[in-house]
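Each value in this text was obtained by applying a stated rule to the coordinates, not by laboratory testing. Since the structure is predicted, the reported quantities are computational estimates derived from the model, not experimental observations. All Cβ positions, glycine included, derive from the backbone under ideal geometry; neighbour counts span all protein chains shown.
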Amino acid sequence: MTWQWPARHLAPAALVDLLDGVAGPSARRHAERCPVCAAELAALAAAREDVTSSGVPDPPAGFWEQLSARESGGVATIRAEAR
Ligand SMILES: [Zn+2]
């Protein structure tokens with residue numbers, strides 16, 4: 001069986017799966033043989049590296065809990081006003 005040029009390229013989610021090492025065999029084969037998807041994968045890997053090495057600090061302790069509580073309060077207010 002000879003390999004044929006794919007009718008469609010990999011979806012962005014499949015490219016992310018490849019980067020994360022959880023892609024299936026058909027996606028891996030496609031990326032190995034398709035220069036378009038290989039280029040997309042390389043660009044995505046470079047972008048991920050830029051983001052992870054950008055040095056953006058983590059938020060202070062309790063930030064996510066406070067944000068969640070604020071959102072919950074906002075939703076409760078909206079629901080009370082709707083009644
Ligand atoms: Zn492709």
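Provide the per-residue ³J(HN,Hα) series for region 21-29, in order, calculated from phi with Karplus coefficients 6.51, -1.76, 1.60 and θ = phi - 60°, each as a whole number of Hz, with x at glycine and proline positions.
x, 10, 6, x, x, 5, 5, 5, 4
Report D for region 11-83 in µm² per second (integer): Stokes-Einstein, Kirkwood Rh on Cα pairs, 20 °C, 1.002 mPa s.
For these conditions, the coefficient is 136 µm²/s.
In degrees, nearest 10, range 0 to 90: what is the angle between the Cα axis of helix 63-82 and the longest Cα principal axis of the chain?
Long axis of 63-82 versus the principal axis of the chain: about 70 degrees.
What ranking do 54-63, 8-17 get when scored by the average of other Cβ atoms within 10 Å per residue, highest first?
8-17, 54-63
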